[in-house]
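Below: one structure, written as structure tokens.
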Amino acid sequence: MNPTEYLLSTSPENFEERALALFQHQYQHVAIYRSYADLIHRNNPKTLKEIPFLPISFFKTARVADQERKEFDLHFQSSGTGNSGRSQHFVADKQWYVDSFSLGFSHFFGPVQDYVVLALLPNYIDQGDSSLVYMVNELIQQSEQLLSGFLLNEPRTVIQRYQAAISLGKKVIIFGVSYALLDLAELNVDLSQAIIIETGGMKGRRKELTKVELHAELMKGLGVDQIRSEYGMTELLSQGYSLKDGKFQVVPWMKILIRDPYDPFSFFPSERTGGINVIDLANQHSCAFIQTQDLGRMVDDGFYLEGRFDEADIRGCNLLVDQ
């Protein structure tokens, strides 16, 4: 089964079966994951919640990859905003990544060909090896629009291209790092017909704001009634998006579980804040089961980010949020 068929055919009814099968494959083929599962005596799960979740910090200190694969199509590194090194993700088959983010985009926003895709991601370009830049560049190419493109430090060009796209009857989506979007918002422009997706923090360029404060400033300065966010990271091949009021949703081949911060093998029901564990079935050749350092709270049809563990590094893809 190719990636598209696998991802599109994943459903609540077969998710657990596929997750358990993928665990068995990765236990056999990803050495560091096997060692971790053995160490904590969680190497024979029978249910979804019995699967061991690899702490995300392992991506900084070990090669989390299928040892049978001698060559990898892609190699990504995190943005490096913390103090303990950059996470690395070796992607054996780039088609899994392209299919996952492409299908995820269309799942939430519709066909990318309907959009002019603009990107304000200067710091990611500067550091290189960014999975976010790879994703957005591919979406730009898939849009087949001459107006689409990266506009690193060119807020006025963003405005010009937005206006041109609207005049042609095109939708506009803008991916932007927070400080670049604030630069744009300070021009007090009307981008009311655009979808704005903020992808990260200030990168040391501006004072850190809570997500509520940031979104309030952006909505005021850009003339929009919602700011969307992306929940993605170097270690994953899939993304979640907040579409309204800060509530995130994920694609059918992802699942979010909320763990007890004091017992990583216990999970909370809805409406209790704990650590976020992510299952990403697109992560076929590294590790699909990741224990993040994010705090979150599940609701019936999504989840909310509630911040970070105190000892966690500041990550490039998440903002401080109100507790």
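List pairs: first in the stretch 245-258 and modelled with pLDDT under 95, second of a type in the set (A, V, I, L, M, F, W, C) and surrounded by fewer than 22 Cβ atoms within 10 Å (Cβ to Cβ), Cβ under 7 Å, 6+ apart or cross-chain? Qualifying pairs under 7 Å: K247/V299. The set of residues from the stretch 99-118 being under 19 Å from S238 (Cβ atoms) and of a type in the set (A, V, I, L, M) comprises L103, V112, V117.
Just for strands (runs of 3 or more DSSP E) wholly inside the stretch 24-135: which have at least 1 residues that are within 30 Å of P155 (Cβ to Cβ), modelled with pLDDT under 95 and under 17 Å from the mean Cα position of the chain (by Cα)?
Those strands (runs of 3 or more DSSP E) span 74-77, 115-120.
Hey, any hits in the stretch 174-187 for a residue that's under 30 Å from A92 (Cβ atoms), at pLDDT 95 or above, in a helix (DSSP H, G or I) and not β-branched (V, I, T)? Checked against the condition, which is being under 30 Å from A92 (Cβ atoms), at pLDDT 95 or above, in a helix (DSSP H, G or I) and not β-branched (V, I, T), the stretch 174-187 yields no hits at all. Taking interchain pairs and intrachain pairs at least six residues apart, which have beta carbon atoms under 9 angstrom, with the first residue in the stretch 143-164 and hydroxyl-bearing (S, T, Y) and the second modelled with pLDDT of 95 or more and part of a helix (DSSP H, G or I)? Short answer, once both residue conditions are applied: S143/V112; S143/Q113; S143/D114; S148/L139; S148/I140; S148/Q141; S148/R161; S148/A165. When S102 is tested against (1) farther than 22 Å from S242 by Cβ; (2) without any contact (Cβ under 8 Å) to a residue 60 or more places away in the chain; (3) not assigned by TED's automatic domain parsing to the domain that holds N277, exactly one condition is not met: (1).
Quick grid of which residues meet (1) of a type outside the set (V, I, T); (2) in a strand (DSSP E or B); (3) more than 30 Å from A65 (Cα to Cα):
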position	(1), (2), (3)
G200	yes, no, no
E217	yes, no, yes
E230	yes, yes, no
T234	no, no, no
S238	yes, no, no
L257	yes, yes, no
F265	yes, yes, no
G274	yes, yes, no
I279	no, yes, no
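Filtering F109, F101 for residues that are under 30 Å from S9 (Cβ atoms) and surrounded by 21 or more Cβ atoms within 10 Å (Cβ to Cβ) leaves a single hit, F101. Per this entry, Q226 is not counted among residues that are closer than 30 Å to I159 by Cα, assigned to a strand (DSSP E or B) and not aliphatic (A, V, I, L, M).
The values are calculated or read from the model by the stated rules, or taken from the named source; none is laboratory data. Please read these numbers as outputs of a predicted model, since none were measured by experiment. Please note: Cβ atoms are built from the backbone with ideal geometry, for glycine as well, and neighbour counts cover all protein chains shown.
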